[in-house]
Every structure is written in C-alpha cells, then in structure tokens.
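The values are calculated or read from the model by the stated rules, or taken from the named source; none is laboratory data. None of the values given here were measured: they were computed from a predicted structure. Positions of Cβ are backbone-derived with ideal geometry, glycine not excepted, and every protein chain shown enters the neighbour counts.
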C-alpha cells in the first residue's frame, strides 16, 4: 500500500491540538519538527479576520492549513 500525499484526519487533529497547546508539532509521517507559518486574513474595513496556521514538513513536503480560532482544517 502506498502512502497518501495528504495527512489523515487523525494526523491533522493531533497537529492542531499540539499547536493549540503552544507547542510545535512533529510531522506524523517522518517525525521531523514542522515549520510553522502564521497566515493573516481579511482586509481592513471588513468585519472579519481569520488567523490561520500553515504547518509544513521540511523533509516530506506535506503541509496542512487550519483556522486557529475554530481549529478546523481549510
């Protein structure tokens, strides 16, 4: 069986929980520390602003983006 390019839902959930606890997660596939990038959203004058987190693995190149406040995957 070949590995899929995307993380599974369980892997994404574990990474979100790690970020929400204030730590930087390890890639669940290759156990390398993920690179964390904050992504702002919305524009001035609009009634919303989303704070997103982009986690990238420097080794296997997989990544996941999620909304930090809601804890959901985009």
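Test residue 38 against the criterion of being in a helix (DSSP H, G or I), at pLDDT 75 or above and exposed (fewer than 12 other Cβ atoms within 10 Å of the Cβ), and give yes or no.
Judged against the criteria, residue 38 is not a match.
Determine whether the range 47-55 contains at least one residue that is at pLDDT below 65, under 14 Å from residue 18 (Cα atoms) and surrounded by 11 or more Cβ atoms within 10 Å (Cβ to Cβ). Walk me through how you get there before you give the answer.
If we filter the range 47-55 for residues that are at pLDDT below 65, which is where we start, we get 47-48.
Applying the additional criterion that residues be under 14 Å from residue 18 (Cα atoms) yields none.
Taking every residue of the range 47-55 in turn, none turns out to be at pLDDT below 65, under 14 Å from residue 18 (Cα atoms) and surrounded by 11 or more Cβ atoms within 10 Å (Cβ to Cβ).
Could you say whether any residue in the range 3-18 is surrounded by 13 or more Cβ atoms within 10 Å (Cβ to Cβ), without any contact (Cβ under 8 Å) to a residue 24 or more places away in the chain and not in a helix (DSSP H, G or I)?
Scanning the range 3-18, I find no residue that is surrounded by 13 or more Cβ atoms within 10 Å (Cβ to Cβ), without any contact (Cβ under 8 Å) to a residue 24 or more places away in the chain and not in a helix (DSSP H, G or I), so the answer is no.
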